[in-house]
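The values are calculated or read from the model by the stated rules, or taken from the named source; none is laboratory data. Computed from a predicted structure; not experimentally measured. Quick reminder, even Gly has a Cβ in these numbers, built from the backbone with ideal geometry, and neighbours come from all protein chains shown.
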Amino acid sequence: MKSILITGSAGLIGAEAVRYYNKIGYKVVGIDNNMRARFFGPDGDTSWQRAKLQDECQSYTHVDVDIRDRNKIMSLFADLKPDAIIHCAAQPSHDLAARIPFDDFEVNACGTLNLLEATRQSVPEAPFVFMSTNKVYGDAPNELALVELATRWDYEDPAFANGISESFSIDQSKHSLFGASKVAADVMVQEYGRYFSMKTVCFRGGCLTGAGHSGAQLHGYLAYLFKAAAEKRHYTIFGYKGKQVRDQIHSRDVVAAFDAFIRNPRSGAVYNLGGGKSNSVSVLESIDRVGQLLGHSMSWSLSAENRIGDHICYYTDLTRFQRDYPEWSLSTTIDDIFEEFASAHFSSRREIAESLLPA
């Protein structure tokens, strides 16, 4: 039986990967010590997901270890010798990174280095998939000429009609400390691929989403938006008139991309991975869609102050990945994503409407 090691296994993408590889017959070992609960409080707690995985996935083994613990990581790899590695564990918040810079860098950069070196020492031929982020581009996309539309920003230059490609510079821009720690990890993953000829890939993700997301105000806006609506919380939009655009990609499509690479790996590969323009949506448009699904407007307000390093408009050019892996395509539309969230939070439209009435 083949084995796969997945970090951040109780998170959105990690849990999706656990279920996928358990289903197709792999021995799955997951590393997750629920640091999201520490980072984001109860909203970020992933213990519910861990319990579901342990209950539903017969081939799943959970390991409660911190990826910063080099000795334990080395020992785990030496014992398991996984056939593939999917690395999703991270500190994922712009805002939080500025308050916990050492934790942020040690988790994102040093933790990734520990995993890479453990792979090199124990299973150098194993494909290593790294869940990077589009924040490695910093705020450079904000320097592009934009056009303001009624509910969103968009690129004015037709050269970016398909979105941001991998040729876009990651240099000379403001990243936030989170973006900088992910750059360090991203470049190190590339280097292990190029220098040691290992089979590594960086997937620079857009907004990764799905009903399995433990969304919090500081991370996972679409999941948190539905949570806020369901629990009658007030929602605050930070800056850019609420017209900032993100492309949404479902966790199933992310894992399908991982699997395409694992089946046909390359060395030092880099791919932007997101929903593309067809799955792009602004915050204002998201709130409107939630209102339509719920049958009632939710409470929200606009703060003039944007988050540092936040993108005004970002959607992914998928050309390179679709060229190299033509068997992969997006299977989940933006409408499918919204419907899934609505179904996960509410059992009927009547329940939706009633939930938003004054108590």
- Query: If only one of 110, 202 is assigned to a strand (DSSP E or B), within 20 Å of residue 11 (Cβ to Cβ) and in contact with a helix residue (DSSP H, G or I) (Cβ under 9 Å, 6 or more places away or on another chain), which one is it?
  - Reply: 202
- Note on the structure: Only unsatisfied item for residue 304, checking (1) modelled with pLDDT of 95 or more; (2) more than 18 Å from the chain's Cα centre (by Cα), is (1)
- Task: Specify which of the listed residues (284, 273) is touching a Gly at 6+ places or on another chain (Cβ under 6 Å) and closer than 24 Å to residue 96 by Cβ.
- Result: 273
- Message: Taking the conditions exactly as written (in a strand (DSSP E or B) and in contact (Cβ under 8 Å) with a residue 24 or more places away in the chain), does residue 105 satisfy them or not?
- Response: no
- Message: Among the numbered criteria (1) in a loop (DSSP other than H, G, I, E, B); (2) closer than 30 Å to residue 128 by Cα; (3) more than 18 Å from the chain's Cα centre (by Cα), which one does residue 310 miss?
- Response: (3)
- Note on the structure: Taking first residues from region 12-36 that are under 20 Å from residue 93 (Cβ atoms) and modelled with pLDDT of 95 or more and second residues anywhere that are of a type in the set (D, E, K, R) and not in a loop (DSSP other than H, G, I, E, B), the pairs with Cβ under 7 Å that are 6 or more apart or on different chains are 32/50
- Query: If you take the residues in region 252-298 that are polar (S, T, N, Q) and within 22 Å of residue 83 (Cα to Cα), which one is surrounded by the most Cβ atoms within 10 Å (Cβ to Cβ)?
  - Reply: 267
- Message: Tell me the residue from 345, 311 that is at pLDDT below 85 and either under 13 Å from residue 249 (Cα atoms) or buried (at least 16 other Cβ atoms within 10 Å of the Cβ) (or both), please.
- Response: 345
- Task: Go through the residues of region 328-339 one by one and say whether even a single one is in contact (Cβ under 8 Å) with a residue 24 or more places away in the chain, hydroxyl-bearing (Ser, Thr, Tyr) and more than 24 Å from residue 212 (Cβ to Cβ).
- Result: no
- Of all strands (runs of 3 or more DSSP E) completely enclosed by region 234-278, which ones contain at least 1 residues that are under 18 Å from the mean Cα position of the chain (by Cα), over 17 Å from residue 18 (Cα atoms) and of a type in the set (A, V, I, L, M)? 245-250, 269-273
- Residues in region 227-250: is at least one more than 23 Å from residue 300 (Cβ to Cβ), surrounded by 23 or more Cβ atoms within 10 Å (Cβ to Cβ) and at pLDDT 95 or above? yes
- Message: Looking for something at pLDDT 95 or above, within 30 Å of residue 198 (Cα to Cα), of a type in the set (Gly, Ala, Ser) and touching a Ser or Thr at 6+ places or on another chain (Cβ under 8 Å) - is there at least one such residue anywhere in region 280-301?
- Response: no
